[in-house]
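The values are calculated or read from the model by the stated rules, or taken from the named source; none is laboratory data. Since this is a predicted model, take the numbers as computed values, not measurements. A quick note on method: Cβ atoms are made from the backbone with ideal geometry, for glycine too, and the neighbour counts reach across all protein chains shown. The area values use the complete protein model at the heavy-atom level, side chains included, leaving out ligands, DNA and RNA. Shrake-Rupley method; radii C 1.70, N 1.55, O 1.52, S 1.80 Å.
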Amino acid sequence: MASSSTTTTTDASSCQWDALPAHLQERILSLIPVTELLPVAAASRALRRLLRYPAFHALLSPHRLDAFFLLTPRLAVHPLSRRVLRTPPLAALCPPSYPLVSSASPSRLITCNTLHFLPPIPDGSYLLSVVVKPPPSSSCILVAVTTGAAVRSYTLDTADPSRQWASRGDVPVSISLLGNAAVSGDRRQLFVLGRGPDALLVFDLATGTWKVLPVVMPQGLTTAHLFVYDGKLFVVGGVERLGEVERVVVWRLEDEKEAMVWREVGVMPAEVFDELVAGRHGSFWHFQAADRLGILCLYNAVDGRLVMFDAADGLWTVLPRVSGLDAEESGRWFGHVLEPEVELLLGQRRPVIIRLFS
């Protein structure tokens, strides 16, 4: 018996990893989030070499929780670790090079400095969105819109040798303000919330045309944010009564037989709502939102409060508080989400990799 027990213990303690074929090792390791591969890379030279193979990099896919929701150039919320992490200085993200628009996955960021490498944005316009084209292309389409009731739109394809802004369609209704733009799963459309009056707009990136979807927006909706997950369109927003945000709700757009409708799929629990508003019931009216792959972070910049919603399971999580940040300054950075890329595994230990157009 003792001999059998000893043999079993020895077998269990013997690592059989090296006996696995390299392609199986790569498959297993590719399931681990990039930031959690760093300790693996430090374990042995053999693992370090494997993690640096281009064939392994091709297997990597974005992990839903492994991303950096920027608070400042050097501070980010990391949903996977449920922590606020300090990041090394990045010259590309130093003021006054503030971020303007970004795509969350794959990460692309347009900053004020980026504009020096692009044709001038049409007069009276601002950047609404940057959309990375579907594979195998890695180029992007930038979308700019004008301000005012009559909204015009323009696009710039970074793969177009002419590098010129193309005039596209006008928004077919009078709108006071456009909200955030959510990219469809196939990256062919933008969903945009129009305010004043409320309307759900769709912009076709191929044809450059706009249309208004026939759906009534939720009543009392304020500080709304659109996002796409698993092929479905969601909106999160505060429900306002007499100028006060009473609760935060998540709705999903459903295309039913008779009409499109917003179905309530989640309400922020009272204890999470209390954390977000920092006890300022009756005077709280605004929060910011950022999303990536169904992970949604809400930020009260004034009080440094953060909460998270996971569209996959409908769970809300209170994140660590932040302090000592200038509310206006951090408000400029929040809303932009960047994901770790293979540069981390190549020894460039930067938690966010910025790609500027040149």
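Some observations on this one:
- So Val318, is it closer than 15 Å to Val236 by Cα and of a type in the set (Val, Ile, Thr): no
- For Val307, the stated conditions do not hold, so it cannot be described as modelled with pLDDT under 95 and either surrounded by 15 or more Cβ atoms within 10 Å (Cβ to Cβ) or touching an Asp or Glu at 6+ places or on another chain (Cβ under 7 Å) (or both).
- Candidates Arg241, Arg187, Arg252, Arg263 - the one that is touching a strand residue (DSSP E or B) at 6+ places or on another chain (Cβ under 7 Å), among the basic types (Lys, Arg) and at pLDDT below 95: Arg187
- Matching residues, segment 43-62, being open to solvent by less than 70 Å² (accessible area, probe 1.4 Å) and either part of a loop (DSSP other than H, G, I, E, B) or aromatic (Phe, Trp, Tyr) (or both): Ser44, Phe56, Leu59, Leu60
- Taking each residue of segment 36-48 that is touching a residue at least 12 places away in the same chain (Cβ under 8 Å) and looking for partners that are assigned to a helix (DSSP H, G or I) and open to solvent by 70 Å² or more (accessible area, probe 1.4 Å) with beta-carbon atoms closer than 6 Å, six or more apart or interchain, yields Ala41/Arg48.
- Number of the exception - Val173 against (1) of a type in the set (Val, Ile, Thr); (2) assigned to a loop (DSSP other than H, G, I, E, B); (3) touching a residue at least 40 places away in the same chain (Cβ under 8 Å): (3)
- Flag for Val216 being hydrophobic (A, V, I, L, M, F, W, C), outside any strand (DSSP E or B) and open to solvent by 20 Å² or more (accessible area, probe 1.4 Å): yes
- Selected residue (only one of Ala290, Ala301 is in contact (Cβ under 8 Å) with a residue 60 or more places away in the chain and surrounded by 16 or more Cβ atoms within 10 Å (Cβ to Cβ)): Ala290
- Test result for Arg48, among the basic types (Lys, Arg) and at pLDDT 85 or above: no
- Every residue from segment 124-168 that is farther than 15 Å from Val183 by Cα and among the charged types (D, E, K, R): Arg152, Asp157, Asp160, Arg163, Arg168
- Pairs with Cβ under 8 Å, 6+ apart, first in segment 330-343 and touching a residue at least 24 places away in the same chain (Cβ under 8 Å), second open to solvent by 10 Å² or more (accessible area, probe 1.4 Å) and charged (D, E, K, R): Val337/Asp291
- Any strands (runs of 3 or more DSSP E) falling wholly within segment 83-164 and containing at least 1 residues that are modelled with pLDDT under 85: 83-86, 99-104, 107-111
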